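Structure first, then comments.
Every read-out reported here was derived from the displayed coordinates using simple, explicitly stated rules and does not represent laboratory data. Since this is a predicted model, take the numbers as computed values, not measurements. Virtual Cβ from ideal backbone geometry, glycine too; neighbours counted across all protein chains shown.
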Amino acid sequence: MCEDKYRNLTRELLVATRNKGKLDELVNLLQGTPYDLLSLENVNIQHEVEETGDTFEANAILKAEEYGRMAGIVTLADDSGIEVDALDGAPGVLSARYGGEELDDQGR
């Protein structure tokens, strides 16, 4: 009975990424749910969270918490990368910076 009361409510959900591919993927996954997805650009956040975690999970939590505080709404973040067995798991959490800081997502 309580569920009926909230059935037509929409909820804003900030997706903490500037990566268009990740954003599009989440939009597709959450299609048909009661969430209005917002990007960092939608909420005018230019700040970049420093990924200081030593795991992908830790970095995702850092981003979700910091961007969530800045925007004041529930925030979804993820972090991913490449782990190569022959390189003992490298580059791992450093994947985004692998090849140099000047490279963009496509260049990596």
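Taking 8 Å as the Cα distance limit and 6 or more residues as the minimum spacing, I'd like the relative contact order of region 9-80 as a percentage.
39
Enumerate the amide H contacts of residue 76 below 5 Å, restricted to partners 5 or more residues apart or on another chain; note that Pro and chain-start residues carry no placed amide H.
For residue 76, the qualifying residues are 14, 15, 16.
To make sure I understand, if each residue's beta carbon is the centre and we count other beta carbons within 10 Å, what order do 85, 79, 24, 36 fall in, fewest to most?
Placing the least packed residue first, the sequence is 85, 24, 36, 79.
Working out 0.36 nm times the residue gap between residue 42 and residue 84, then minus their Cα-Cα distance, what length gain in nm do you get to one decimal? Before the final figure, lay out each step's value.
Values: separation 42, 0.36 × 42 = 15.12 nm, distance 3.52 nm.
Full extension from residue 42 to residue 84 adds 11.6 nm.
Highest first, please rank the peptides 27-33, 52-58 by the mean number of other Cβ atoms sitting within 10 Å of their residues.
On the way: 27-33: 10.3, 52-58: 12.6.
Top to bottom by mean Cβ count within 10 Å: 52-58, 27-33.
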